[in-house]
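Bear in mind these aren't lab numbers, they're just calculated from the coordinates by the rules spelled out. All figures in this text were calculated on a predicted structure; none of them were measured in a lab. Don't worry about glycine lacking a Cβ; one is built from the backbone with ideal geometry, like all the others, and counts go over all protein chains shown.
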Amino acid sequence: MNILMISMDRGLLGKNPLGDVTDRHRAYGREPGVERLDIVVFSRKGFAEAIISNTVAVYPTNSVSKLLYLTDAVKIADSLFKKHIYDLVVTQDPFFTGLVGANMKRKYGSRLLIHFHGDFLDNAFWKAESPLNRIALKFGKGIINQADSIRVVSRGIAEKLHTYGIASEKIRVISTPVDVGKFVRIGSEAGKDFRGKHGIGSAKVLLNVGRNDPSKDYPTLFNTIREVVSRYQGPVCLVQCGARLSREEVMKKIQAPAGRLQVVTMGLLPHAELVSAYHAADVYVSSSRHESFGKVLVEANAARLPVVATATTGSQDIIDPGVNGYLAPVSDAAKLAEHIVHLLENPELAKIMGERGQKLVTERFDGNKNIKAVVQYWRDILA
């Protein structure tokens, strides 16, 4: 089968990749029955086509303006359809990538699969982030109705779609594939090396991984860390990976008493070093306002880290409170801090929760199983 994917993930072009996005799509292309997987990526100028494998290729739109992403993606998709017959068009969301996919379906009769990688429906936080989000949601509902099938990454998103009248047989829940084994195989020595490299010493490490995006709600994270420092008697270190924030900027926002907090900030890390960061930490902290899944929470649990997170749609699918972590209301820094301090003061409990978490995510979110499940869904749609 030939698959055409419409994406906004410039990590596929080597631009600021966070995690294993390229490996994941290469793995899709290795699955039996996938003859070609071509991916059109919304991008500004300056990117070259990327050949990921003999079955997977990536085509940037190289648009002079974001306003031209849509029309440029349609042009590239049209040119690809002239060369190949695509059985299925897969889009990253029901908005602009979804518009391209719906256009291809009308023109060429291909099946249309829409992925939900975000928590858009009935989400006040997402709507408030931009006036355009409200507009996008209105036309997105029309795109949803044109889809032959919908893949969601958590049960909570499926439940929301049901309230919109989307039939259950049209929806399949398949979480984002995570290479859990990578985090299990690397042990404590990698964590010690990471601590030594960054001069962390014996401080308790609170880890956060994510881009600098409004959905991550870093003001709440910083308020949480300030509260932790005021409650916990020992030394604390915040390690933030991916947001490209300076140490001085973060220290200024947290305003912790002098000498009570160490901050280590890093941009996007190679995946191997990111795995070491997980193993260097004592607790993983997420302050997100909304998440459709929460890949980093799975990664943290896989590295035997207990997780303290806000109760987003995605985190509720991963965290069993009191078993592999704790959940707090969205934007509630005091409650997040309370859970974190409890784990720091009870290291044996934190260790047990981490071990439970590793067992849980290994059973439920194994990347190889989910990659096969995604490709099987493609087969089922075409059948």
Given H placed 1.01 Å from N in the peptide plane, which residues other than close sequence neighbours of Val56 have an amide H under 5 Å from its amide H? Leu37
Calculate how steeply helix 333-345 sits against the longest principal axis of the alpha-carbon atoms of the chain, using the helix alpha-carbon long axis, and give the answer as 0 to 90 degrees to the nearest 10. 60
Here FRET efficiency (C-beta to C-beta, Asp23 to Glu363, R₀ 22 Å, nearest 0.05) is 0.55
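Counting pairs of Cα atoms in the stretch 308-383, how many percent are more than 14 Å apart?
Working: 1940 of 2850 pairs.
Value for the stretch 308-383 (Cα pairs over 14 Å): 68 percent.
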In degrees rounded to 10, the 0-90 angle between helix 21-30 Cα long axis and the longest Cα principal axis of the chain is 40
When each pair of different Cα atoms in the stretch 118-240 is counted once in the 1/r mean, what is the Kirkwood radius in angstroms, to one decimal? 18.5
In vacuo Debye scattering of the stretch 208-291, one point per C-alpha: log10 I(q)/I(0) at q = 0.15, 0.17 Å⁻¹? -0.52, -0.68
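Once every DSSP H run of n ≥ 4 in the chain is given -39500 (n - 2.57) and the sum is divided by its residues, what mean residue ellipticity at 222 nm do you get, rounded to the nearest 500 deg cm²/dmol?
Working: 16 runs with 176 residues, N = 383.
That calculation yields -14000 deg cm²/dmol at 222 nm.
Given charges of +1 on the Cβ of Lys and Arg and -1 on the Cβ of Asp and Glu, with all other atoms neutral, how large is the dipole of the chain about its Cα centre, in debye to the nearest 20? Display every interim value, and only then the final one.
Numbers: 51 positive and 39 negative charges, 158 e Å.
Computed about the Cα centre, the dipole is about 760 debye.
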In nm, give the distance between the simple-model label positions of Glu129 and Arg247, each being 7 Å from the Cα along the Cα-to-Cβ direction. 3.0
Please state the equivalent ellipsoid semi-axes for the stretch 45-123: what are the square roots of 5 times the Cα gyration tensor eigenvalues, largest first, in whole Å? 20, 17, 14
What does the extension gain come out to for Glu273 and Lys170, with contour length at 0.36 nm per residue minus their alpha carbon separation? 33.1 nm
Just tell me which lysines come within less than 18 Å, Cα to Cα, of Lys75; anything on the same chain fewer than 8 places away is out. Lys45, Lys66, Lys83, Lys105, Lys107
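Dividing the Cα radius of gyration by the Kirkwood radius, what Rg/Rh value follows for the stretch 180-364?
0.92
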Would you list which lysines come within 27 Å of Lys335, measuring only between C-alpha atoms, while excluding same-chain residues fewer than 8 positions from it? Lys127, Lys160, Lys204, Lys216, Lys252, Lys253, Lys295, Lys351, Lys359
Amide H to amide H, which residues 5 or more places from Met5 or on other chains are under 5 Å from it, using H placed in the peptide plane? Asp38, Ile39, Val40, Val90
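To one decimal place, what Kirkwood hydrodynamic radius in Å is obtained for the chain from all pairs of distinct Cα atoms? Spell out each step's value before the answer.
On the way: mean 1/r = 0.0462 Å⁻¹.
Mean inverse Cα-Cα distance, inverted, gives 21.7 Å.
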Got a sec to turn the phi values of the stretch 309-319 into Karplus ³J(HN,Hα) couplings, 6.51 cos²θ - 1.76 cosθ + 1.60 with θ = phi - 60°, whole Hz, x for Gly and Pro? 9, 6, 7, 7, 4, x, 5, 5, 7, 10, 9
Label point distance in nm, Asn212-Ile352, each placed 7 Å from Cα along Cα→Cβ: 4.1
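Just order 249-259, 198-208, 285-295 by mean Cβ neighbour count inside 10 Å, highest at the front, would you? Please list the in-between numbers first.
Numbers: 249-259: 13.6, 198-208: 18.5, 285-295: 25.2.
Answer by packing, highest mean first, reads 285-295, 198-208, 249-259.
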Nearest 10 degrees, 0 to 90: helix 271-280 Cα axis against the chain principal axis: 30
